Amino acid sequence: MKYLLTLLACLLLLSSCSKFLEEYSTDQKYLETTSDVNKVMIAEAFMNNVYGISLYNPATMGNIASETDFSAPWLHVMDDDTEAFVLGAADRDQPTPLNILSGFHNWAQYPAVNILGLTWNDVMWKKVYKRIGAINALIYQASEIATKNPADGDLRHLQGEAYFLRAYYYFLLQNIYGSPYRKASAATDEGVPLKISEKVEDNYFKRTNNETVYNQIIADLDQAANFLQGYNPTTKIRVGIAAVKCLQSRVYLFTEQYDKVLQVTNGYENMGYSIVDLKRYVANTNFTYRSSTETIFTMGTNSIPVVFPNDSLASYAPVNRLASSFKASDNLIQSYNNNDLRLNACFTLSSKSKAFLPAKWRTWRTYNDPEQVSCIFSFRLPEMLLNRAEAQAMLGADGEAWSEIQKLQAMRFNNGGSQQPTSNQALVNFIRDERRREFCFEGHRWFDLRRYQVNSKYPLGSGFTIKHPTYTYDAQTNTYTRAGNYVLNSIAQDAASWQVPIPNYAIEFNRGSLTNPIRSVRNVQP
């Protein structure tokens, strides 16, 4: 029996890509040209785009769990940026966002089992490892082709993309299914299984320690930087050196290598991208989109509209005053200054109850939309600025860090923005809050909260909690009453609940060599 990770190098390329790789009884025909590599890269290495979303009622989650559809919608509902959005009578047996994703939102012991008693099919693990398997084979085949034509610039770019994507996928896996990176214990903390060979191996897989996983991520990004040096593609759906440097700065920030964050972000303003001035923002247009001067790279789907639907849907067949989903948390909205232009550019008010809903991307529902960006797999220039500012603050360069923050605030505020905090720790906290405001609902917050808690200089502390309100429904009055909160304690007190369990299909296939930490039972608290 061979685990999925090891089979993909052969099976994927012999089935999905049969036009390029033909199976014979005694030998195999492998990729032979740069064009072959490019076609297989597009088909098997990148995340697929899904266009066109029709929302008729709050039961939006029934058809998005297949392998070709949305990736990890639950990533948006576990942190403190999201709360339950309830209004009107939504049947409990309907696949509404709140019903389907309740186990993740409430950090249940078995989060894939939702409020309906049904099991969510977590395809994120399978989708990512499938692509890693294909990338392992692509890296090997591309290196074989390169020996015959080492001056092929297009092939070098493809090799760079492959190394970047493998690093990115392992970074995502590590921060979803692995423990957070701690400098002091990375060599023993458990991460995710690491497989970088194209060879098929007859064994089962187990978790690799964090230090080894992150070292491989960094090594892959170094390779990507070498192959992509000086190159940025004309399209935002392919990888260039700016995307590599952005991810490098993120990885170095997570591993507290602040000097290296500064190295890779040095001169980021001169890479051909620029921050959008929201003082020129036009109402009801996109805050972020593919051709934006801020967008560096994007791929894959956007699940925001199905997780955060309005309380009035489909004008020609309206469902009014009905919500069983999620909204932006009060705590997040209250963190914005009244002069902060992102409050209007990044959110919309629901039609009936005027709840704040994320609205950074207003072209979700356009069929085959050329401007769609992902809510998870996306990189924007402000991240490089904020990564750099945080690294400077951590190194004690408060003035330089604040200068970076002012560059962003000049584009986000009407009247100059905020005053500089008076202490180093206050500055670090401000930068963390600014990162939250800038990147809410883009797949950053859950990862950031994990690393903040284990930071060696300014940890959030053992008293940190997230509270998600829960409600009871009265059918006679058609109203909801707050019944208490589900509470997630800090990593120091509840570490297992800060990582998503590896899906059962992977656990069972590996016959016990892969394990999950035991999550605590979650009950409603006052």
Check: Mind checking which residues of region 118-130 are under 16 Å from the mean Cα position of the chain (by Cα) and either more than 12 Å from N504 (Cβ to Cβ) or in a helix (DSSP H, G or I) (or both)?
Finding: V123, M124, W125, K126, K127, V128, Y129
Notebook entry, point to check: Looking at (1) within 25 Å of F85 (Cα to Cα); (2) surrounded by 17 or more Cβ atoms within 10 Å (Cβ to Cβ), which is the only condition R482 fails?
Noted result: (2)
Margin query: Being assigned to a loop (DSSP other than H, G, I, E, B) and under 22 Å from the mean Cα position of the chain (by Cα): is that true of N523 here?
Written below: no
Notebook entry, point to check: Pick from Q419, Q425: which is free of Cβ contacts under 8 Å to residues at least 12 places away in the same chain, surrounded by fewer than 21 Cβ atoms within 10 Å (Cβ to Cβ) and of a type in the set (S, T, N, Q)?
Noted result: Q419
Next item on the list: Give me a count of the residues in region 65-117 that are part of a loop (DSSP other than H, G, I, E, B), of a type in the set (S, T, Y) and under 17 Å from T470 (Cβ atoms).
Entry: 1
Check: Only one of (1) within 21 Å of the chain's Cα centre (by Cα); (2) more than 20 Å from E161 (Cα to Cα); (3) aliphatic (A, V, I, L, M) fails for I296. Which number is that?
Finding: (2)
Next item on the list: Quick one: in region 200-217, of everything that is surrounded by 18 or more Cβ atoms within 10 Å (Cβ to Cβ) and among the aliphatic types (A, V, I, L, M), which residue is farthest from S185 (Cα to Cα)?
Entry: I217
Notebook entry, point to check: Taking the stated definitions as given, is N510 closer than 21 Å to E83 by Cβ and either of a type in the set (D, E, K, R) or surrounded by 17 or more Cβ atoms within 10 Å (Cβ to Cβ) (or both)?
Noted result: no
Check: When you go through (1) surrounded by 21 or more Cβ atoms within 10 Å (Cβ to Cβ); (2) touching a helix residue (DSSP H, G or I) at 6+ places or on another chain (Cβ under 7 Å); (3) of a type outside the set (V, I, T) one by one for D80, which number turns out not to apply?
Finding: (1)
Check: So S197 clears everything in (1) in contact (Cβ under 8 Å) with a residue 60 or more places away in the chain; (2) crowded, with 18+ Cβ neighbours inside 10 Å; (3) in a loop (DSSP other than H, G, I, E, B); (4) not acidic (D, E) except one condition, right? Which one?
Finding: (2)
Item checked: Residue ID - modelled with the lowest pLDDT, chosen from residues in region 300-324 that are in a strand (DSSP E or B) and aliphatic (A, V, I, L, M) -> V319
Notebook entry, point to check: So is N136 in contact with a Leu (Cβ under 7 Å, 6 or more places away or on another chain) and either at pLDDT below 95 or part of a helix (DSSP H, G or I) (or both) or not?
Noted result: no
Margin query: Please verify whether L460 is at pLDDT 95 or above, among the aliphatic types (A, V, I, L, M) and not in a helix (DSSP H, G or I), treating the condition exactly as stated.
Written below: yes
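The values are calculated or read from the model by the stated rules, or taken from the named source; none is laboratory data. Predicted, not measured: the structure shown is a model, and the values here were computed from it. As a convention, Cβ positions derive from the backbone with ideal geometry for all residues, glycine included, and neighbour counts pool all protein chains shown.
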